[in-house]
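Participant: Provided herewith is a single structure, encoded as structure tokens, for subsequent inquiry.
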There are 2 protein chains.
Amino acid sequence: MHAKISQTNNREVDTMKTLIQGVKGARDFYPEEMAFRSWLYGKLANVSNRFGYQEYDGPFLEKIELYAAKSGEELVKEQSFVFPDRGGELITLRPELTPSLARMVAARQNELVFPLRWWSFGPFWRYERPQKGRSREFFQWNIDLVGANSREADAEMLAVACTFFKDVGLSPKEVAIAINDRELMEAELLSVGISSEKLMDVYRLIDRREKMSPENWTNYASEIGLTTDQLTSIKGLLANTQLWRNSPALTYIFELLNAQGLADYITYDPNIIRGLDYYTGIVFEARDMEGGRAIFGGGRYNNLVSDVGGQPTGGLGFAMGDVVIKLTLEKYDKLPRINLSPARILVTVFDDASIKASVLLAYQLRTAGLNVELYPEVVKLAKQFKYADRKQINYILVLGPDEVMAGNVTIKDLAKGLQTTIPVSLVVDYLHKTLDE
Amino acid sequence: MHAKISQTNNREVDTMKTLIQGVKGARDFYPEEMAFRSWLYGKLANVSNRFGYQEYDGPFLEKIELYAAKSGEELVKEQSFVFPDRGGELITLRPELTPSLARMVAARQNELVFPLRWWSFGPFWRYERPQKGRSREFFQWNIDLVGANSREADAEMLAVACTFFKDVGLSPKEVAIAINDRELMEAELLSVGISSEKLMDVYRLIDRREKMSPENWTNYASEIGLTTDQLTSIKGLLANTQLWRNSPALTYIFELLNAQGLADYITYDPNIIRGLDYYTGIVFEARDMEGGRAIFGGGRYNNLVSDVGGQPTGGLGFAMGDVVIKLTLEKYDKLPRINLSPARILVTVFDDASIKASVLLAYQLRTAGLNVELYPEVVKLAKQFKYADRKQINYILVLGPDEVMAGNVTIKDLAKGLQTTIPVSLVVDYLHKTLDE
């Protein structure tokens with residue numbers, strides 16, 4: 001083996017170099033993947049704008065203390081990328097946006113116009129074992145309404161979520177949004193003898209039920225100090241799908257959603273409690289009806305702005321990752337078909353003598369507002385035609401010596417299999433008309 | 001002091017908490033800042049599409065070895081965020097995109113359709129001292145043409161750059177693109193007796209001339225082993241603005257740009273060499289004509305794909321940061337005026353009895369394709385009007401008990417100071433017509 005390698009020439013050694021690999025769980029967005037991300041961005045921008053939400057973004061790096069108090073222990077300590085700044089301070093690659101939102105609201109609380117409606121779509125990082133539906137780098141849509149502590153605000157956020165599903169073609173048979181209210185759960189838990197100091201522990205217990213075996217879950221319950229009677233009561237609450245009737249707030253929210261014809265997407269589920277510590281009111285989770293995978297989650301957080309040093313200001317919102325919604329759309333055959341070439345016109349180059357005419361033609365078409373590729377070197381026309389075919393470009397323009405001499409251009413329509421030669425002066429009108437068909 | 005604090009109630013203590021601060025050099029994108037970022041994205045997406053470039057993106061995290069060889073020592077060792085993965089491997093927050101592009105091309109070299117035209121807009125990180133025009137987190141437009149090693153390709157990339165300037169309203173009096181060619185410089189340097197092993201050192205020397213005092217620069221030259229004669233020869237080359245006439249390639253590129261009426265933006269400058277080690281052909285830098293601040297830079301890199309383990313494939317491109325282009329647009333009064341409210345219509349809520357009618361009206365208007373805010377809680381109308389005014393929302397819809405009873409809605413046009421009451425059934429048509437005016 002060694003002898004063989006030493007005999008190869010430099011070029012061959014070069015090509016035997018190992019390819020440098022990307023980071024595990026990070027993603028390459030080739031044009032196909034990027035087209036989906038941009039399509040998704042367009043869809044959620046559209047829904048967000050329709051409800052009057054303004055686009056914003058937080059920074060990608062935040063100090064760890066921003067998350068330390070309220071994001072839930074697991075998320076910060078076990079699932080975030082944390083590293084020391086050169087100054088020694090601990091920096092986090094943002095695992096979620098809500099704490100940044102709270103910090104930004106607190107920092108300009110006297111200038112901002114409330115209620116504020118903000119949305120964002122950007123990258124987030126979690127140090128998780130890569131698996132289907134999860135990656136270490138992911139994109140997330142965040143949408144929040146801050147400064148309105150009302151049931152109308154709660155209903156609006158749920159209407160945004162339902163409208164998004166409608167817009168991407170997911171029906172109530174395929175996805176549902178399960179809702180609960182921590183205020184209702186607090187009242188119910190207190191009424192069965194859970195002390196208020198234990199509430200957060202019990203929320204965590206409820207949140208983990210699906211992720212644990214029944215035995216482990218029962219053990220976890222006794223570890224946090226619940227008696228067998230208390231656990232039985234809690235199980236009773238979690239089995240009661242009519243519990244919402246005890247909550248005038250939930251009843252009213254369901255009424256408002258019903259008035260908008262969106263109630264088909266909504267279910268009540270006392271098991272929805274959400275893992276983040278900062279929720280104080282309604283909590284909700286969208287799920288795939290088949291298999292139950294969570295698509296997005298959110299809720300009301302009335303103390304978060306004051307937790308980061310601001311004046312008390314309530315808000316609510318939700319966050320949806322790009323990976324899970326893509327899997328869901330794929331499963332129900334709702335992925336968009338996107339043409340990956342922004343240009344539908346290719347100007348070919350014939351030879352060194354006529355190339356300047358091709359450059360000029362491409363320039364004229366672009367100036368007229370058309371998206372145009374110019375083949376960027378002189379190669380055989382057949383190769384340029386093959387390129388157009390592989391890129392799904394429909395119109396090929398040829399400027400050979402004959403055409404240049406006569407002031408003409410030949411247009412090949414690959415889709416229709418037609419070919420025509422017209423004066424260069426008419427080509428802009430011709431293409432505009434043909435592309436509009 | 002202690003006594004005073006202990007006398008305050010909990011609420012006051014709460015508001016005395018220190019606000020949590022963001023990370024130095026990271027940026028909060030409030031809606032104003034975000035509106036510029038989105039506007040810029042739209043502009044460069046438009047230019048990129050017009051030339052037929054496909055959108056893509058790399059991951060945000062890469063292994064340090066991807067940059068180690070070719071990005072230039074300073075960029076990787078001194079200016080990048082590098083931290084150990086939990087497995088101990090060194091991870092980098094991407095300081096630039098070109099190495100990721102090369103890695104992605106190498107990984108799918110047999111499937112991709114060449115020549116490929118790709119563009120991207122996303123976040124990057126450099127560990128720099130925050131200063132005007134620089135931040136540690138910044139956004140960058142990257143655009144590249146890979147797989148065409150031709151002067152036509154070089155000219156196209158420069159045409160993209162010029163067209164972008166045209167599109168955002170920056171004239172050749174305000175900005176210029178200075179060009180050079182490393183192949184030309186190599187020939188010229190060899191001809192004055194510089195050995196080929198010293199070329200990279202001399203490129204670095206040329207790149208640093210503007211950043212150093214003349215004395216330090218002369219000392220640096222002797223440190224890398226140049227004789228006084230050699231330095232004099234180099235200074236002669238760098239003063240010769242007609243050097244491009246020795247290059248048939250540059251002469252031809254200028255000709256092509258001239259044919260497209262873009263030559264006004266272009267200048268030749270033998271001092272342009274660029275700091276990145278991977279450039280092999282033309283190099284260029286756009287600059288503010290007043291003050292000379294660099295706006296973007298790029299060039300040809302024919303060995304980069306093979307350097308990361310792929311087959312030899314040439315390419316070229318450039319990258320532009322969002323901060324510097326914003327400063328330049330600001331300086332020449334070319335910043336866009338953007339209305340920050342996506343909705344131009346506010347549906348107010350009158351009282352608990354009529355609120356459902358307001359919710360329903362907002363729903364109907366949105367279903368008809370209008371962007372509409374619903375005021376999300378029952379407060380005095382005066383407060384809702386003030387909100388609309390501060391958000392620059394033009395049309396306010398009121399549904400009080402009288403309107404609900406009669407099936408009407410009152411529309412206030414804040415800009416024109418008009419008020420009219422019409423049947424609810426006509427409101428969609430009315431608003432569509434008024435908004436189109």
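The values are calculated or read from the model by the stated rules, or taken from the named source; none is laboratory data. Model, not experiment: these values are computed from the prediction. Glycine gets a Cβ as well: all are built from the backbone with ideal geometry, and neighbour counts include every protein chain shown. In case anyone asks, the SASA skips ligands and DNA or RNA and just uses the protein heavy atoms, side chains included. Shrake-Rupley method; radii C 1.70, N 1.55, O 1.52, S 1.80 Å.
Participant: If you scan segment A:35-70, which residues turn out to be free of Cβ contacts under 8 Å to residues at least 40 places away in the same chain, assigned to a helix (DSSP H, G or I) and touching a Ser or Thr at 6+ places or on another chain (Cβ under 8 Å)?
Facilitator: Answer for segment A:35-70, where residues must be free of Cβ contacts under 8 Å to residues at least 40 places away in the same chain, assigned to a helix (DSSP H, G or I) and touching a Ser or Thr at 6+ places or on another chain (Cβ under 8 Å): just A:Y67.
Participant: Looking at segment A:236-247, I want the residues that are surrounded by 14 or more Cβ atoms within 10 Å (Cβ to Cβ) and have a partner that is of a type in the set (A, V, I, L, M, F, W, C) and part of a loop (DSSP other than H, G, I, E, B) with Cβ atoms under 6 Å, at least 6 apart or on another chain. Which pairs are those?
Facilitator: Final answer for the pair search is none.
Participant: Taking the condition of being more than 13 Å from A:L262 (Cβ to Cβ) and either touching a Phe, Trp or Tyr at 6+ places or on another chain (Cβ under 7 Å) or outside the structural domain of A:N46 (by TED's automatic domain parsing) (or both), how many residues in segment A:155-169 meet it?
Facilitator: Qualifying residue count for the region: 0.
Participant: Name the residue, out of A:A259, A:A319, that is without any contact (Cβ under 8 Å) to a residue 60 or more places away in the chain and open to solvent by 10 Å² or more (accessible area, probe 1.4 Å).
Facilitator: Only one candidate passes the filter, namely A:A259.
Participant: Restricting to segment B:94-116, give me the number of residues that are outside any loop (DSSP other than H, G, I, E, B) and either within 22 Å of the chain's Cα centre (by Cα) or farther than 23 Å from B:F51 by Cα (or both).
Facilitator: So the count comes out to 10.
Participant: Still on this structure: Filter segment A:255-284 down to residues that are aliphatic (A, V, I, L, M) and over 27 Å from B:L360 (Cα atoms), then give me how many there are.
Facilitator: 3
Participant: Next question. Looking at (1) assigned by TED's automatic domain parsing to the domain that holds A:T280; (2) open to solvent by 20 Å² or more (accessible area, probe 1.4 Å); (3) out of contact with any helix residue (DSSP H, G or I) (no Cβ under 6 Å at 6 or more places or on another chain), can you tell me which one A:Y363 breaks?
Facilitator: Going through (1) assigned by TED's automatic domain parsing to the domain that holds A:T280; (2) open to solvent by 20 Å² or more (accessible area, probe 1.4 Å); (3) out of contact with any helix residue (DSSP H, G or I) (no Cβ under 6 Å at 6 or more places or on another chain) one by one, A:Y363 breaks only (1).
Residue-by-condition table, conditions (1) within 21 Å of A:N302 (Cα to Cα); (2) touching a residue at least 24 places away in the same chain (Cβ under 8 Å); (3) assigned by TED's automatic domain parsing to the domain that holds A:E62; (4) open to solvent by less than 50 Å² (accessible area, probe 1.4 Å):
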{"position": "A:L116", "(1), (2), (3), (4)": "yes, yes, yes, yes"}
{"position": "A:Q140", "(1), (2), (3), (4)": "no, yes, yes, yes"}
{"position": "A:A153", "(1), (2), (3), (4)": "yes, yes, yes, yes"}
{"position": "A:E188", "(1), (2), (3), (4)": "yes, yes, yes, yes"}
{"position": "A:M212", "(1), (2), (3), (4)": "no, no, yes, no"}
{"position": "A:W217", "(1), (2), (3), (4)": "no, no, yes, yes"}
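Participant: Could I ask something else about it? Scan segment A:267-305 residue by residue and report those that are under 19 Å from A:Y332 (Cβ atoms) and either touching a Leu at 6+ places or on another chain (Cβ under 6 Å) or assigned to a loop (DSSP other than H, G, I, E, B) (or both).
Facilitator: A:M289, A:E290, A:G291, A:G292, A:R293
Participant: All but one of (1) within 14 Å of chain B (Cβ to nearest Cβ); (2) in contact (Cβ under 8 Å) with a residue 24 or more places away in the chain hold for A:P312; which doesn't?
Facilitator: Condition not satisfied by A:P312: (2).
Participant: Look through segment A:82-96, keep the residues that are in contact with a Phe, Trp or Tyr (Cβ under 7 Å, 6 or more places away or on another chain) and among the aliphatic types (A, V, I, L, M), and return whichever of them is nearest to A:F60 (Cα to Cα).
Facilitator: A:L93
Participant: Next question. Of everything in segment B:323-347, what is away from chain A (no Cβ under 12 Å) and either closer than 24 Å to A:Q54 by Cβ or buried (at least 22 other Cβ atoms within 10 Å of the Cβ) (or both)? Give them in sequence order.
Facilitator: Hits for segment B:323-347 are B:V323, B:I325, B:K326, B:L327, B:T328, B:L329, B:E330, B:K334, B:L335, B:P336, B:R337.
Participant: What residue, among those in segment A:74-104 that are of a type in the set (V, I, T) and more than 10 Å from chain B (Cβ to nearest Cβ), is surrounded by the most Cβ atoms within 10 Å (Cβ to Cβ)?
Facilitator: A:T98
Participant: Here are some conditions: (1) of a type in the set (D, E, K, R); (2) open to solvent by less than 10 Å² (accessible area, probe 1.4 Å); (3) more than 10 Å from chain A (Cβ to nearest Cβ). B:E373 meets all but one. Which one does it not meet?
Facilitator: Evaluating B:E373 over (1) of a type in the set (D, E, K, R); (2) open to solvent by less than 10 Å² (accessible area, probe 1.4 Å); (3) more than 10 Å from chain A (Cβ to nearest Cβ) leaves (3) as the failure.
Participant: Please go through segment B:385-416 and pick out each residue that is open to solvent by 10 Å² or more (accessible area, probe 1.4 Å), more than 14 Å from chain A (Cβ to nearest Cβ) and out of contact with any strand residue (DSSP E or B) (no Cβ under 7 Å at 6 or more places or on another chain).
Facilitator: Listed by number, the residues that qualify are B:P401, B:D402, B:M405, B:A406, B:A415, B:K416.
Participant: For segment B:288-304, does any single residue satisfy the condition of being open to solvent by 20 Å² or more (accessible area, probe 1.4 Å), at pLDDT below 95 and over 24 Å from the mean Cα position of the chain (by Cα)?
Facilitator: yes
Participant: Might you let me know whether segment A:132-146 holds any residue that is assigned to a strand (DSSP E or B), over 16 Å from the mean Cα position of the chain (by Cα) and either within 9 Å of chain B (Cβ to nearest Cβ) or at pLDDT 95 or above (or both)?
Facilitator: yes
Participant: Which residue is least open to solvent (accessible area, probe 1.4 Å), if the candidates are limited to segment B:169-184 and must be assigned to a loop (DSSP other than H, G, I, E, B) and touching a Ser or Thr at 6+ places or on another chain (Cβ under 9 Å)?
Facilitator: B:L170
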